[in-house]
Structure formats: C-alpha cells, structure tokens
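> Got a structure for you, written out below as structure tokens; questions coming shortly.
The values are calculated or read from the model by the stated rules, or taken from the named source; none is laboratory data. This one's a predicted model, so the numbers in the text were calculated from it and none came from an experiment. Positions of Cβ are backbone-derived with ideal geometry, glycine not excepted, and every protein chain shown enters the neighbour counts.
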Amino acid sequence: MAVAQKDSLATDEHGKYIYYHVNAGGHSGANVLLVRALDFFDMPANSANFKITDKDANAKTVDVTGFFAVQSTTSLTKHDDGKITFKLRIEVKDGRYRYWLSNFVFIPYYKDRYNNLVPKPGVEIPAEELNKKIDGKDAAHYLDECAAFGIKFGARFKKQLESEPVKTTNGKKVIVTDKW
C-alpha cells in the first residue's frame with residue numbers, strides 16, 4: 001500500500017480557498033505575456049467555460065470567471081453532480097506571471113421535468129461551507145477536484161504563455177531548419 005501527498009488548496013488571508021501559482025515566463029516581455037494570456041481565453045476550446053470580466057493593459061492584469069463540472073464519488077452511475085464556479089486573476093510582468101483561482105462556489109444539479117440535469121436555482125454553496133452542507137466524502141472530493149482543475153489549467157496555461165510564436169511570411173508558415 002502506498003500513500004501519496006496530493007496537491008491541495010490553501011487558504012488566503014480572507015479564509016477563502018485558493019490555488020496560487022507563480023511562474024517564470026521565459027524571456028518574453030509583459031505585453032507579449034498579456035497578449036498570449038488573452039489569446040488563451042479566445043480559443044474555441046476555452047471560450048465556453050471562461051469569460052473575461054476585466055482586463056487592464058496598464059496594470060497588466062486579467063480577471064476571468066469560469067466553471068467546471070464535478071461528479072459524485074458516492075453514486076454508482078456517472079453523471080455530473082454539479083458545477084463549481086471560480087474567479088481567476090492573472091498578473092504579468094517582464095519574464096514572469098502569476099495566477100490564482102479563488103472564490104470557489106458549488107452549484108448542485110437536479111433533474112428537471114424533462115430529465116435533464118440543470119443547476120438548482122438559488123443554491124450556491126461556497127467551498128468553505130461544503131463540509132457543513134454536503135456529505136464529508138463528497139465535499140473532500142469536490143475540493144480535490146478544484147485543486148486538480150488548477151493543476152490541469154496551469155499546465156495548459158503555461159504551454160500557451162511560454163510557447164514561441166509561429167513565424168509567418170505573407171500569411172505562410174515559415175519552417176526554420178537550422179535550429180532543432
């Protein structure tokens with residue numbers, strides 16, 4: 001039997017759960033990193049789950065809201081049990097960036113009269129109160145899912161911000177063969 005330590009959520013100075021990450025962005029300037037960050041949220045795969053709420057070119061910050069679906073661990077059938085909404089803040093400087101996900105809120109799903117899973121109206125449970133309002137095993141699972149989402153998001157976001165742009169000439173892709 002092996003036991004591994006999980007990457008989990010920390011708490012910020014206000015007592016809210018937070019996933020925080022700082023990374024060096026290579027040799028790119030702050031403006032380049034900001035444009036790459038904005039391009040990440042314009043991608044079709046990301047545009048459904050993320051919405052840019054504020055961007056400040058002078059302060060080099062981007063505020064985003066988003067959500068992801070979670071499944072219950074106690075149910076035998078696999079279906080979405082609810083969704084977790086969050087706020088994402090990104091700050092860039094020359095050669096580095098940081099981001100944090102916070103304000104996690106669980107919104108449970110229920111089956112409507114057409115047997116579709118839809119969010120329960122008026123029911124929003126902050127992540128800090130999950131243990132009080134939901135079964136302990138499910139609450140721990142949802143918090144683990146928040147941390148796992150932060151890790152997966154971070155890997156995709158890092159790939160976008162630290163990638164080298166493709167050089168084009170007159171709209172055609174240029175392949176450089178002297179460097180490999």
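> If I ask for residues that are free of Cβ contacts under 8 Å to residues at least 60 places away in the same chain and farther than 30 Å from A139 by Cβ, which ones from the stretch 9-39 would you list? Steps first, please.
Here is the first cut: in the stretch 9-39, the ones free of Cβ contacts under 8 Å to residues at least 60 places away in the same chain are 10-11, 13-14, 31-32, 34-35, 38.
Within the stretch 9-39, N31, V32, L34, V35, L38 meet the criteria.
> Go through the stretch 70-88 and give me each residue that's touching a helix residue (DSSP H, G or I) at 6+ places or on another chain (Cβ under 9 Å), assigned to a strand (DSSP E or B) and not charged (D, E, K, R).
V70, Q71, G82, I84, F86, L88
> Residue by residue through the stretch 88-113, note down the ones that are within 16 Å of K51 (Cβ to Cβ) and either acidic (D, E) or in contact with a Gly (Cβ under 8 Å, 6 or more places away or on another chain) (or both).
L88, Y99, L101, I107
> Looking only at the stretch 47-69, count every residue that is part of a loop (DSSP other than H, G, I, E, B), within 21 Å of Y97 (Cβ to Cβ) and not basic (K, R) and tell me the total. It would help to see each step written out before you state the result.
In the first step, residues of the stretch 47-69 are kept if they are part of a loop (DSSP other than H, G, I, E, B); the result is 48-49, 57-60.
Narrowing the set further to residues that are within 21 Å of Y97 (Cβ to Cβ) leaves 49, 57-60.
Checking the rest, the ones that are also not basic (K, R) come to 49, 57-59.
The qualifying residues number 4.
> Right, T53: within 30 Å of K120 (Cα to Cα), surrounded by fewer than 18 Cβ atoms within 10 Å (Cβ to Cβ) and under 18 Å from the mean Cα position of the chain (by Cα) or not? Working first, answer last.
On the way: within 30 Å of K120 (Cα to Cα): yes; surrounded by fewer than 18 Cβ atoms within 10 Å (Cβ to Cβ): yes; under 18 Å from the mean Cα position of the chain (by Cα): yes.
Answer is yes for this residue.
> Could you pull out the residue among G15, G26 that is at pLDDT below 85 and among the small types (G, A, S)?
It is G26.
> Looking at the stretch 40-69, I want the residues that are over 23 Å from A147 (Cβ atoms) and have a partner that is charged (D, E, K, R) and part of a helix (DSSP H, G or I) with Cβ atoms under 9 Å, at least 6 apart or on another chain. Which pairs are those?
As it stands, the answer is I52/D42, since those pairs meet every condition given.
> Report, ordered by the first and then the second residue, all pairs with beta carbons closer than 6 Å, sequence separation of six or more or different chains, a first member in the stretch 89-112 that is on the phi > 0 side of the Ramachandran plot, and a second member that is of a type in the set (K, R).
Cβ pairs passing all conditions: N103/K87.
> Residue by residue through the stretch 131-147, note down the ones that are hydrophobic (A, V, I, L, M, F, W, C) and in contact (Cβ under 8 Å) with a residue 24 or more places away in the chain.
Scanning the stretch 131-147 gives I134, L143, C146, A147.
> Let me ask something additional. Would you confirm, using the coordinates I've provided, whether S72 is among the polar types (S, T, N, Q) and under 20 Å from V105 (Cβ atoms)?
Values: among the polar types (S, T, N, Q): yes; under 20 Å from V105 (Cβ atoms): yes.
Yes; evaluated as a whole, the condition is true for this residue.
> Which condition number does V166 fail, the rest of (1) outside any loop (DSSP other than H, G, I, E, B); (2) among the aliphatic types (A, V, I, L, M); (3) at pLDDT below 90 being met?
V166 satisfies all of (1) outside any loop (DSSP other than H, G, I, E, B); (2) among the aliphatic types (A, V, I, L, M); (3) at pLDDT below 90 except (1).
> Just to verify a result, which residue in the stretch 22-38, among those that are in a helix (DSSP H, G or I) and within 15 Å of the chain's Cα centre (by Cα), is surrounded by the most Cβ atoms within 10 Å (Cβ to Cβ)?
First pass over the stretch 22-38, keeping only residues in a helix (DSSP H, G or I): 30-38.
Within this subset, residues satisfying the condition of being within 15 Å of the chain's Cα centre (by Cα) are 37-38.
Numbers: A37: 24, L38: 15.
Per the criteria, the residue is A37.
> Which one of the conditions (1) loosely packed, with under 14 Cβ neighbours inside 10 Å; (2) within 17 Å of the chain's Cα centre (by Cα); (3) small (G, A, S) does G66 fail to meet, given that it meets all the rest?
Evaluating G66 over (1) loosely packed, with under 14 Cβ neighbours inside 10 Å; (2) within 17 Å of the chain's Cα centre (by Cα); (3) small (G, A, S) leaves (1) as the failure.
Residues checked against (1) under 20 Å from K87 (Cα atoms); (2) in a helix (DSSP H, G or I); (3) in contact with a His (Cβ under 8 Å, 6 or more places away or on another chain):
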site	(1), (2), (3)
V123	yes, no, no
K137	no, yes, no
Y142	yes, yes, no
G154	yes, yes, yes
K158	yes, yes, no
